[in-house]
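Participant: If you scroll down you'll find the structure; I have some questions about it.
The values are calculated or read from the model by the stated rules, or taken from the named source; none is laboratory data. Because the structure is a prediction, the values reported are computed rather than measured. Ideal geometry is used to build each Cβ from the backbone, glycine not excepted, and the neighbour counts take in all protein chains shown.
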Amino acid sequence: MGLMSFFKGVGEKIFGKDEPAAAPEKVAELKAGALLQHVKTLGLPYNKLIVKVAGHTVILEGEVATQEDAEKIALAVGNVEGVEAVDNNMVVETPAPEAQYHEVKKGDTLSLIAKEYYGDMMKYPIIFEANKPMLTHPDKIYPGQVLRIPPRS
């Protein structure tokens, strides 16, 4: 999958308000642990997952069963406040074509995004389902968020 960019100033707030007054290596270790716990809390499947943090970049290594699993994990950690990029180096057991990605702009709705990618506003549930469990309701998207847009079926 490679490197994906995100807006560092938006997303889920899983890190403390102030970074601890510790060595940068310790801060990176704490952030990596918080991101791994975030993936576990969301119930995203993986066979093996190693999360590393270098500055505002997250590096993902390990193994997942499907391309969808790899993409969802990358989006889960990328759509966290303070993360600017995700370098996804996970190995996928069953390779498949990658999804497209859409950065939510002000005024976007899942219906409008579905119209753009699929030509049909009523296909918004496909995008909603493709971004679960990170999305909990079709109307709860925000500018700067990155969404998976699965290939047309």
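Participant: Tell me, please, whether a residue that is in contact with a strand residue (DSSP E or B) (Cβ under 8 Å, 6 or more places away or on another chain), closer than 18 Å to Y46 by Cα and not acidic (D, E) can be found in region 116-130.
Facilitator: yes
Participant: Select from region 119-131 the residues that are surrounded by 11 or more Cβ atoms within 10 Å (Cβ to Cβ) and out of contact with any Pro (no Cβ under 7 Å at 6 or more places or on another chain) and write down the one among them that is farthest from F7 (Cα to Cα).
Facilitator: D120
Participant: A54 - would you say it is under 27 Å from G9 (Cβ atoms), among the hydrophobic types (A, V, I, L, M, F, W, C) and crowded, with 17+ Cβ neighbours inside 10 Å?
Facilitator: Considered against the rule, which asks whether it is under 27 Å from G9 (Cβ atoms), among the hydrophobic types (A, V, I, L, M, F, W, C) and crowded, with 17+ Cβ neighbours inside 10 Å, A54 comes out as no.
Participant: Can you go through Y101, Y117 and tell me which one is in contact (Cβ under 8 Å) with a residue 60 or more places away in the chain, among the aromatic types (F, W, Y) and at negative phi?
Facilitator: Y101
Participant: Could you please give the count of residues in region 42-56 that are part of a strand (DSSP E or B) and either hydrophobic (A, V, I, L, M, F, W, C) or in contact (Cβ under 8 Å) with a residue 40 or more places away in the chain (or both)?
Facilitator: Result for region 42-56: 5.
Participant: Still on this model: Of the numbered conditions (1) touching a Leu at 6+ places or on another chain (Cβ under 6 Å); (2) closer than 11 Å to P150 by Cα, A99 satisfies every one except a single condition; which is it?
Facilitator: (1)
Participant: Which of (1) aliphatic (A, V, I, L, M); (2) in contact with a Pro (Cβ under 9 Å, 6 or more places away or on another chain); (3) part of a helix (DSSP H, G or I) does A96 not meet, given it meets every other one?
Facilitator: A96 satisfies every listed condition except (3).
Participant: Mind counting the residues in region 57-75 that are crowded, with 22+ Cβ neighbours inside 10 Å and either assigned to a helix (DSSP H, G or I) or modelled with pLDDT under 95 (or both)?
Facilitator: Count: 6.
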